[in-house]
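Read the structure below first, then the notes.
The values are calculated or read from the model by the stated rules, or taken from the named source; none is laboratory data. Note that this is a predicted model, so its numbers are computed, not measured. All Cβ positions, glycine included, derive from the backbone under ideal geometry; neighbour counts span all protein chains shown.
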Amino acid sequence: MALFGLFGRKKEPPTALKRVGPSGAKQSAAAPARRKLIPQDITYEEAKTLARAPDRHVRAELASRDDAQPELLYFLAEDKEADVRRSVAANNITPRQADLVLARDRDDEVRCDLALKIGRLIPGISQMANNRLQEVTLDVLQVLARDQLPRVRAIIAEEIKHATQVPQQIISKLARDVELSVAAPILEYSPLLSDHELMEIISVGSTKGGVSAIAKRNKVSPKLAQAIVEANDIAATATLLANPNVRLKPETLDRVVDVAEQNEPLHEPLARRAELSVGAIRRIAGFVSAAILQVMQHEHALDEETAKVVNDAVEKRLRDEEANPEQLETAAAKVVKLKQAGKLTEDAIVQAAEQGQRGFVAEALALKAEIPVAAVNKMIESRSGKASTAVSWKAGLSARGAMKLQQLAARVPANAMIHARDGVKYALSDAEMEWFLTYFREQVEAAAT
């Protein structure tokens, strides 16, 4: 393609390209940090020559500049080297028509870089200069949302999950994607999905794990909650029960109690539900373990008669468990078994938290952090964002994982949450987190003496 033949009109070139400032566009993820190959001040004619330079690193650096001329970026969008095209794809000032070309690029990484950029532009699409720019941006988004590579679709889904100015057909398509990594962010967060559409998605069941993603939503209506329970997806029902933002109707809880006896993952999150009626509590007391009965005693204000029923059940269950220890696989035993199999991962711990298995979470954190489980329980029960973050850090979890455990296991109030710095780093210092660990360990040791 001729370098300037596609523009159809002459343009007076500036005498020099502007100096790149500290707020310049992001460098392509393709290029590692390296010594600058191009001077900051170059003329337009020099830039044209550099666009044809034999060294691909020179062309990639030119393509990443936030003062590059649009026609140069359009030309470089068809460069033979993928890392040059990646630089063009990641550049915020690349003409949208060039982005449309790159949306069909043969290189997966080019399309991934473009998906990240376009996804991040979508929330501010209404502030774009003109309607035509908005239209072409949405055209690029449409192409990427249909990409054959799940990773491209997943990047788009993650970036637009909160967006309100996205065509409904894009959201609906992503929500029904067969890949959970694509569907889950939309199912869990998108404000554009109505209850009717969510219930339709539940009934079709196109994505394994999709119902659990719906069960995590901040707003789950009684009808939607009923649909989740009626899907007979135990993992999704456990996630729903553990969602503190959901209020369940008595008939929905009764349906859960009906199936809970044969499904142990439902026991703990069900026992913690504040809406349980006296009748439901008495029914649950008939089949859960002594440990979960004790949770019920702690979580619920029981009348005298119900308290006696639960106390009697605790005593009976303890006798049964002592008589048949081989039948009881405790949370601690499950944790040890997973660790021995190399499967005690962050995902496993977060999934247990999503399903309300706080006993498992505490045992897992204690084992990984090498601190007493009693101290971990105190840190979780404190509902302190800092304490919860400290034990997650000590256990080797990511900052994002720590945030999830604050919400799901410790149930830290929103105004006390410790958010990850830059989305990925721990916000507290190591010394501060060690202080919390020492404080709670000493509390446990003092109580034991």
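List of remarks:
Residue-by-condition table, conditions (1) under 27 Å from S194 (Cβ atoms); (2) acidic (D, E); (3) touching a Lys or Arg at 6+ places or on another chain (Cβ under 6 Å):
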| position | (1), (2), (3) |
| --- | --- |
| A103 | no, no, no |
| R106 | no, no, no |
| G119 | yes, no, no |
| Q134 | yes, no, no |
| Q142 | yes, no, no |
| D147 | yes, yes, yes |
| R151 | no, no, no |
| V166 | yes, no, no |
| S172 | yes, no, no |
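- For region 359-388, a tally of residues being more than 29 Å from V211 (Cβ to Cβ) and assigned to a loop (DSSP other than H, G, I, E, B) returns 5.
- Residue count, region 31-61 (criterion: aliphatic (A, V, I, L, M), in a helix (DSSP H, G or I) and at pLDDT 90 or above): 3
- Among residues that are out of contact with any Gly (no Cβ under 8 Å at 6 or more places or on another chain), surrounded by fewer than 23 Cβ atoms within 10 Å (Cβ to Cβ) and not in a helix (DSSP H, G or I), R247 is included.
- Tally of residues being in a helix (DSSP H, G or I) and not acidic (D, E) across region 405-449: 21
- Of all residues making up region 161-181, the number that are modelled with pLDDT under 95 and not in a loop (DSSP other than H, G, I, E, B): 2
- None of L328, L318, L293, L338 is surrounded by 12 or more Cβ atoms within 10 Å (Cβ to Cβ) and modelled with pLDDT of 85 or more except L338.
- Check on I93, outside any helix (DSSP H, G or I) and either touching a residue at least 40 places away in the same chain (Cβ under 8 Å) or closer than 14 Å to I160 by Cβ (or both): yes
- Residue in region 410-421 that is of a type outside the set (D, E) and within 20 Å of Q294 (Cα to Cα) present: yes
- Residue that is modelled with the lowest pLDDT, among those in region 216-250 that are touching a Ser or Thr at 6+ places or on another chain (Cβ under 7 Å) and among the β-branched types (V, I, T): T239
- From G342, G356, residue being in contact (Cβ under 8 Å) with a residue 24 or more places away in the chain, part of a loop (DSSP other than H, G, I, E, B) and of a type outside the set (K, R): G356
- Test: residue in region 55-65 that is of a type in the set (V, I, T) and touching a residue at least 60 places away in the same chain (Cβ under 8 Å): no
- Picking from residues in region 352-376 that are under 22 Å from the mean Cα position of the chain (by Cα) and farther than 13 Å from V335 by Cα, the one that is modelled with the highest pLDDT is A353.
- A163 being over 20 Å from A236 (Cα atoms), in contact (Cβ under 8 Å) with a residue 40 or more places away in the chain and of a type in the set (G, A, S): yes
- Hey, S190 crowded, with 19+ Cβ neighbours inside 10 Å, within 17 Å of the chain's Cα centre (by Cα) and touching a residue at least 60 places away in the same chain (Cβ under 8 Å) or not: no
- Filtered by the rule that a residue be buried (at least 24 other Cβ atoms within 10 Å of the Cβ) and within 14 Å of R421 (Cα to Cα), region 383-400 gives a lone residue, T389.
- Some residue of region 165-177 being surrounded by fewer than 19 Cβ atoms within 10 Å (Cβ to Cβ) and of a type in the set (D, E): no
- The residues listed here are R217, R283; of these, the one that is within 26 Å of A313 (Cα to Cα) and out of contact with any Phe, Trp or Tyr (no Cβ under 7 Å at 6 or more places or on another chain) is R283.
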